[in-house]
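So the structure is just underneath, and the comments pick up after that.
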Amino acid sequence: MTEFSLTRRSFIVAGLASCAFAGSAHAAYPDKPVRWIVGYPPGGATDAIARLIGRPMSTSLAQPIIVDNRPGAGSSVGASALAASPKDGYTVASADNGTLIINPVVYRKLQYDPDRDFRPVGLYAGINLLLCVRTDSGIRTGAEYLEKAGSATQPLLYASPGIGTPLHLAMERLARDAKVPLKHVAYKGMAPALNDLLAGVVDSIVIDYTTAGPAIKGGTIRPLAVFSEARLPVLPDVPTIAEQGLPGFAAGAWHGLIVPNGTSDEVVSRLSDGLATALTDPLVKTRYAELGLDMPASDPETFRRRWDEDKALWQPLIRSLDIKLHG
């Protein structure tokens, strides 16, 4: 009797242990920390936005989100790391126009293919671009800028944070559509570009509001136009390019969250829901307003449409400019 009781008890315990093991093997996602790859250095805008979003998203997922900075080659290093990661939702990455649209055209050797390797989770930030000059410039509007560019004996110089960036391409498209000559001066980042504008080395700059805001408030640079479809709440008196002679013109940059292709629908849905919840966080909303960031719809379908539309718009322009980079 004792032997039977022990045997039966052992069987019951073993069965419970087996069920517990099976439950853990199929535990609801996520049941461990999520790694968020950022393809740019710590302290930059992309990193700061990811960390801002990561805090409330971590709360929504009930798991820590660990930011892993993998800078290099215009976010290609980080994107390549994501492409090689397991398709389980425990590694995600920031993606921007450069990652998904520009890099595949400008880099001669790329270790990933966006369409083959990645799946969209959701957009989480729209970056607004501005055309600016020094405050001592005689040019006061975007229309005046284009008029002067069209009549000048030498092309106006404009600075950008690098060849093949969304900012550079926005100005190339502006020059093309307005049929005016502009000369690009590329810098390694926005800080040196802004410094040379203030020093008088270049006539103008294409810059994101997040970077330009303090200089505009400090009175050292003047915004002539915004590249968005509508005026910015933080700059209500600055007209769009479309309002100043180029109807329908709009250009900008965005940030989105991606996972390796092959990640399940259930995991993508959970991540997308977590991202959407994070965007409703009061601190996130306040910081977005301060930084002049747009808050786009964060579902995978909206992201995919934007990705495809911008690919069709920008890749032909890049090819026409024959931009090639090594990295």
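Values as computed for the structure displayed
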read-out	value
Positive-end residue, the chain charge dipole about Cα centroid, Cβ charges, pick of Met190, Val180, Ala289	Met190
Residue among Val268, Ala212, Ser94 farthest towards the positive dipole end of the chain, charges placed on Cβ	Ser94
Where the Cα pairs of the chain fall when distances are cut into 20 Å bins, in %	30, 50, 14, 5, 2, 0
Ratio Rg/Rh [Cα only; Rh per Kirkwood] for the range 67-180	1.10
Acute angle (nearest 10 degrees) that the helix 300-321 long axis makes with the longest principal axis of the chain, alpha-carbon atoms	40
Relative contact order computed over the chain (Cα-Cα under 8 Å; 6+ residues apart), in percent	26
In range of the label at Ala48: residues from the range 106-128 whose backbone nitrogen is under 16 Å from the point 7 Å along Cα→Cβ	125-128
Three-way shape label, the range 99-139, alpha-carbon gyration tensor, a/c 1.5	oblate
10 Å Cβ shell holding at most 16 others, DSSP loop, trypsin sites (Lys or Arg not before Pro): longest site-free stretch of the chain	232-323
Cα gyration tensor shape for the range 129-244, rounded if a/c is under 1.5, else prolate or oblate	rounded
Contour excess over end-to-end distance, with Cα ends at Arg287 and Lys148 and 0.36 nm allotted per residue	46.4 nm
Calculated Rg and Dmax of the range 156-200 using C-alpha coordinates, Å	10.4, 29
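Read-outs throughout are calculated quantities, based only on the coordinates presented, and are distinct from any laboratory measurement. Since this is a predicted model, take the numbers as computed values, not measurements. A quick note on method: Cβ atoms are made from the backbone with ideal geometry, for glycine too, and the neighbour counts reach across all protein chains shown.
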